[in-house]
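Engineer: Just dropping this structure here.
The values are calculated or read from the model by the stated rules, or taken from the named source; none is laboratory data. As the structure is a prediction and not an experimental result, all values here were calculated from the model. Here the Cβ is made from the backbone with ideal geometry for all residues, glycine too, and neighbour counts use every protein chain on show.
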Amino acid sequence: MDERLLQIEEKQQLTLDPNFWSDSKQAEVVMKTIKSHKHWVNKFQAVETIVEDVEVLNEFQKEGEATEEEVDTRYEEAIKAVDDLEFRSTLNKPEDELNAILEINAGAGGTESCDWSEMLLRMYIMWGEKSGYKLSELHRVDGDVAGIKSVVLEIKGDFVYGLLKGENGVHRLVRVSPFNAQGKRMTSFASVFVHPMVDDSIEVEINTADLEWDTFRASGAGGQHVNKTESAVRVRHLPTGLVAECQQERSQHMNREKALQLLKSRLYELELKKQLAEKDKVEAGKMKNEWGSQIRSYVLDDRRVKDHRTNHQTSRTDAVLDGEIDDFLKAFLMNEGVK
């Protein structure tokens, strides 16, 4: 905390310079750094106050001015607050504070997997809305019969990427299929990829000569204008083969900007993976979209959702599919934090 308070003071001194806003991008980076340090200082001080309250209340109880039950209640609140702060402290990398791009792709299983992909999309949307985040759909390919083949979702808010980064991998569904006339138990798969959405605080250089652009008509809902003009864009980064698409906006210009930002995010994610590879931590990225590679199983008829990396599980399958996934996110981050 002493280091953070010092950083806040030093950065705030920079803002007093009359020319501070002459370089708006650099100024925004400084302001974001101040905001980040203040966020952690405020969190720490709030928990510190709760712990001090318990100590004071405990003294009152010894003097007969408070009950043991009151002390126990406040003590449990303090334990919960400390645990939450410990969990939040695992989000300590620069990219953890960024917005996130979440991609879902249907795997083996045909229509069943397309339907499962849409169920996952709904789960993450409900989680994001309950968490107070802003969500927008950047690209979508519907399934032939039901559900979705693929979707790209942008989620904006504090520490979204840090919270969701453990969702990377294959998600397995086991249920009695509504698409099977015999009512058989079916297994299907969908892969989830989460990327940090880079902003001006992170430098990603791209040579314009390395880019190949295409325009096309947007598919799906969006009104007559979206579908009749070639407003959707696709950009390919030739050296890596990475592709980004966006059909969110009516304006081709705005879609180009968003697609380029999405491409930068994927290039940044690629660089992060290279760094992880040097530390021998790339097993999760090698998983195939099929049996045996799943990170989490959702077994609906047995009422069980289990994360295979942390062994955290719950019988509240409906609640999980309604977006209550915080316990799974926390279990993964705490597990990673102690490695």
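Engineer: Of the residues Met186, Met119, Met123, which single one is under 24 Å from Glu336 (Cα atoms), surrounded by fewer than 23 Cβ atoms within 10 Å (Cβ to Cβ), outside the structural domain of Leu270 (by TED's automatic domain parsing) and among the aliphatic types (A, V, I, L, M)?
Structural biologist: Being under 24 Å from Glu336 (Cα atoms), surrounded by fewer than 23 Cβ atoms within 10 Å (Cβ to Cβ), outside the structural domain of Leu270 (by TED's automatic domain parsing) and among the aliphatic types (A, V, I, L, M) holds for just one of Met186, Met119, Met123, which is Met123.
Engineer: Still on this model: Quick check, is Leu14 exposed (fewer than 15 other Cβ atoms within 10 Å of the Cβ), more than 24 Å from Lys80 (Cβ to Cβ) and touching a residue at least 12 places away in the same chain (Cβ under 8 Å)?
Structural biologist: yes
Engineer: Taking region 310-326 as the region of interest, how many residues are free of Cβ contacts under 8 Å to residues at least 60 places away in the same chain, surrounded by 15 or more Cβ atoms within 10 Å (Cβ to Cβ) and in contact with a strand residue (DSSP E or B) (Cβ under 9 Å, 6 or more places away or on another chain)?
Structural biologist: Residues that pass the stated criteria total 4.
Engineer: While we're on this one: With the structure loaded, tell me whether Glu245 is of a type in the set (Asp, Glu) and at pLDDT below 85 or whether it fails that test.
Structural biologist: No: the conditions fail for Glu245.
Engineer: Right, another one. Residue by residue through region 159-191, note down the ones that are part of a loop (DSSP other than H, G, I, E, B) and farther than 17 Å from Asn105 by Cα.
Structural biologist: Phe159, Ser177, Pro178, Phe179, Asn180, Ala181, Gln182, Gly183, Lys184
Engineer: It is to be established whether one or more residues within region 97-108 are touching a residue at least 12 places away in the same chain (Cβ under 8 Å), more than 26 Å from Val305 (Cα to Cα) and either part of a strand (DSSP E or B) or in contact with a Leu (Cβ under 9 Å, 6 or more places away or on another chain) (or both).
Structural biologist: Taking every residue of region 97-108 in turn, at least one turns out to be touching a residue at least 12 places away in the same chain (Cβ under 8 Å), more than 26 Å from Val305 (Cα to Cα) and either part of a strand (DSSP E or B) or in contact with a Leu (Cβ under 9 Å, 6 or more places away or on another chain) (or both).
Engineer: When both residues are 6+ apart or on different chains and their Cβ atoms are under 6 Å apart, which pairs have a first residue that lies in region 233-253 and is within 15 Å of Leu267 (Cα to Cα), and a second that is buried (at least 16 other Cβ atoms within 10 Å of the Cβ) and β-branched (Val, Ile, Thr)?
Structural biologist: Taking only residues 6 or more apart or on different chains, the pairs are Ala244/Val235.
Engineer: Related question: Scan region 109-145 residue by residue and report those that are in contact with an Asp or Glu (Cβ under 9 Å, 6 or more places away or on another chain), β-branched (Val, Ile, Thr) and not in a helix (DSSP H, G or I).
Structural biologist: Correct list: Val145 only.
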